[in-house]
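Read-outs: derived from the displayed coordinates by stated rules, not from any lab. Keep in mind that this is a model prediction, so the values were computed, not measured. So basically every Cβ, Gly included, is an ideal-geometry build from the backbone, and we count neighbours across all protein chains shown.
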Amino acid sequence: MTSERLIDRKRGTKDARQQLALLREKWPVAFPAEPESVRPLAIGVAGEIASAMGWSLPYTLGVLARWKMAPAYCRAVLAQEHRVALDGSPAEAIDAKAKDLAAKRLARLAERDTANGAAKPAAPVPVKSKPAEMSPETAEQLRAQVRASLMRRRA
């Protein structure tokens, strides 16, 4: 991929959140807001979206990458038998390779979540401790040591 195309694709990935909102407005059946309503998109839909929205194909692929890598989309690929066109009509069947990729993506996400969960330490419980009781002689000795170290620093 040339650098211009790569830059365009990265820009699409960065803008995906905003652009997915526009895609939801234009094609609510293909881009539902509810995770349980998500259906795998037909192959070649990126070209249709690019021409309808006036985007470049690399930019469109960047926007769709965020959508297709989401856990809801991967679960839809595993659960459904057919892809859908932008209007929601059934399209081609989902092949085994797509199901395998979706399963691997979900496994990576689960692995990442468990690693992040294990890495997070438990929230510390605040403990209010009382200062240790000292005899007056010990307290005076500590004060004398602190004064002496401060005097040495000044010298």
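When peptides 55-66, 16-27, 88-99, 136-147 are sorted by average Cβ neighbour count within 10 Å, with the highest value leading, the order is 55-66, 16-27, 88-99, 136-147. Tally Lys and Arg at +1 and Asp and Glu at -1 over the other residues with C-beta under 13 Å from the C-beta of residue 111: what net charge comes out? Its environment carries a net charge of +3.
Pairs of Lys residues in the chain are counted when their Cα atoms are under 27 angstrom apart and they lie 8 or more places apart or on different chains; the count is 15.
Once backbone amide H atoms are built at 1.01 Å from N, residue 92 has 43, 83 as its partners under 5 Å, excluding neighbours fewer than 5 places away on the same chain.
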